[in-house]
1. Which of (1) within 16 Å of ligand 1 (Cβ to nearest atom); (2) over 17 Å from the mean Cα position of the chain (by Cα); (3) assigned to a helix (DSSP H, G or I); (4) more than 26 Å from Phe289 (Cβ to Cβ) does Lys63 not meet, given it meets every other one?
2. Somewhere in the stretch 152-166, is a residue within 16 Å of ligand 2 (Cβ to nearest atom) and in a loop (DSSP other than H, G, I, E, B)?
3. Filtering the stretch 80-98 down to residues that are open to solvent by less than 10 Å² (accessible area, probe 1.4 Å) and within 16 Å of ligand 1 (Cβ to nearest atom), which residue is farthest from Cys275 (Cα to Cα)?
4. Within the stretch 215-223, does at least one residue satisfy the condition of being within 25 Å of Phe160 (Cβ to Cβ), open to solvent by 60 Å² or more (accessible area, probe 1.4 Å) and in contact with a Pro (Cβ under 9 Å, 6 or more places away or on another chain)?
5. Sort through Leu243, Leu248 and tell me the only one that's closer than 22 Å to Tyr209 by Cα, away from ligand 2 (no atom under 16 Å from the Cβ) and either basic (Lys, Arg) or at pLDDT 95 or above (or both).
6. Take Gly204 and tell me if it is under 30 Å from Ala324 (Cα atoms), without any contact (Cβ under 8 Å) to a residue 24 or more places away in the chain, in the same structural domain as Gln263 (by TED's automatic domain parsing) and not aromatic (Phe, Trp, Tyr).
7. So, of the residues in the stretch 177-214 that are of a type outside the set (D, E, K, R) and surrounded by fewer than 11 Cβ atoms within 10 Å (Cβ to Cβ), which turns out to be farthest from ligand 2 (Cβ to nearest atom)?
8. Every residue in the stretch 103-122 that is of a type in the set (Gly, Ala, Ser) and open to solvent by less than 30 Å² (accessible area, probe 1.4 Å), please.
Amino acid sequence: MANISDYKIATLGSHTALQILKGAKDEGFETICICQKDKKRPYESYGVADQIIEIDAFKDFFKIEQQLIDQNAIIIPHGSFVAYLGHEKVSQIKAMHYGTKGILEWESDRSKEREWLLDADIKLPKIFDNPEDIDRPVIIKFHGALGGKGYFIANTPEEFHSKYKKYEGTEGHEEFVIQEYIVGVPVYTHYFYSRLTGELEIMGFDKRYESNADSIGRVAAKDQVDVGIETTYTITGNVPIVLRESLLPQAFEMGDRVVEASQKLADGGLFGPFCLEGIIDPMLNYYVFEISARIVAGTNPYVHGSPYTWLRYDEPMSTGRRLARDIKMAIEQNQIEKVLG
Ligand code: AMP
Ligand code: AMP
């Protein structure tokens, strides 16, 4: 029988690396953290990495890739891979990679993502192709934006043009999407689908903690206007939430449909951790504005498990650990190809 000691688990030092590496160690794997020189402190301090490989910048990942191949390391992709390497570069990774690379292309292209979610019968906010058609509150999202930086809200074509002026001609602001702004509460649902067990699990939920969207209510509306404070969505952290229990059946069904629809998009389909990110309105409609086809940072509060993983596992089960368990099961059943892509 193949043994997990023949493999190592590796990831980039950022985003969800702490729980991925901790989870891998809990499952018995040796771990490697690829760190930017000045960012290695947490990975040393928390003792999650058996080995640290230093690089100057994440884009230098390919310079050390051979070291990973030589050590039979399996790479766990997370938000920093696509953010700093781009999905095209990620698809060129030659080392073993957990998850279907082909799906990343669908996730990173907003119109492809939309096609996928519509096919899965998921409710989506309306998109305005032309600013002149704006007839309700909308949110403008720049494609290059890292973590919601620079998004803005408008109500009318005039307001759009006056706010867009300050971005016009500046780098990273050429491409954007104009999306209906849904008034409700943000809910991000963390899923895990295993091709080995054929089961979809809900690992937990979170909402984001965004600057300054989450603090603007601390200032009176009059002062917000007088001082000219504009809402921004820069991600700074995540807050755990527990969903109203009667909404759970809907959340499971949405996840099932997304996995099913993904099987038409890329060989192997979507598996492992993924997340539907959206807003629930007062009529309890769950509008999804984004899918992440990989582990999301909203799972970070649950290093020791979430209320939902506790119901199922009776042992600490983070999403990072669940990933490692999937890999371990695949190795022990001689089906490693079922978790690689
Ligand atoms: P970082 O390595 O922190 O720059 O993050 C890489 C990517 O993941 C960025 O695009 C961030 O927007 C996203 N990200 C990082 N941390 C979080 C978080 N706590 N919640 C949601 N998204 C995040
Ligand atoms: P995103 O980068 O697409 O994940 O969006 C960042 C943040 O903007 C979210 O966490 C929400 O707070 C907010 N947001 C994005 N899209 C919408 C929407 N269509 N309606 C309301 N709020 C939204």
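The values are calculated or read from the model by the stated rules, or taken from the named source; none is laboratory data. Keep in mind that what you see is a predicted model, and the values were worked out from it rather than measured. Positions of Cβ are backbone-derived with ideal geometry, glycine not excepted, and every protein chain shown enters the neighbour counts. SASA here: full protein model, heavy atoms, side chains in, ligands and nucleic acids out. Shrake-Rupley method; radii C 1.70, N 1.55, O 1.52, S 1.80 Å.
1. Answer for Lys63: the failing condition is (1).
2. Yes; the residues of the stretch 152-166 include at least one that is within 16 Å of ligand 2 (Cβ to nearest atom) and in a loop (DSSP other than H, G, I, E, B).
3. Looking at residues that are open to solvent by less than 10 Å² (accessible area, probe 1.4 Å) and within 16 Å of ligand 1 (Cβ to nearest atom), I get Val90.
4. no
5. Working: Leu248 fails: closer than 22 Å to Tyr209 by Cα.
Answer to the check: Leu243.
6. no
7. Filtering the stretch 177-214 for residues of a type outside the set (D, E, K, R) gives 177-179, 181-194, 196-198, 200, 202-205, 209, 211-213.
Subsequent filtering for residues that are surrounded by fewer than 11 Cβ atoms within 10 Å (Cβ to Cβ) retains 183, 198.
Details: Val183: 7, Gly198: 30 Å.
My answer is Gly198.
8. Filtering the stretch 103-122 for residues of a type in the set (Gly, Ala, Ser) gives 108, 111, 120.
Selection gives Ala120 alone.
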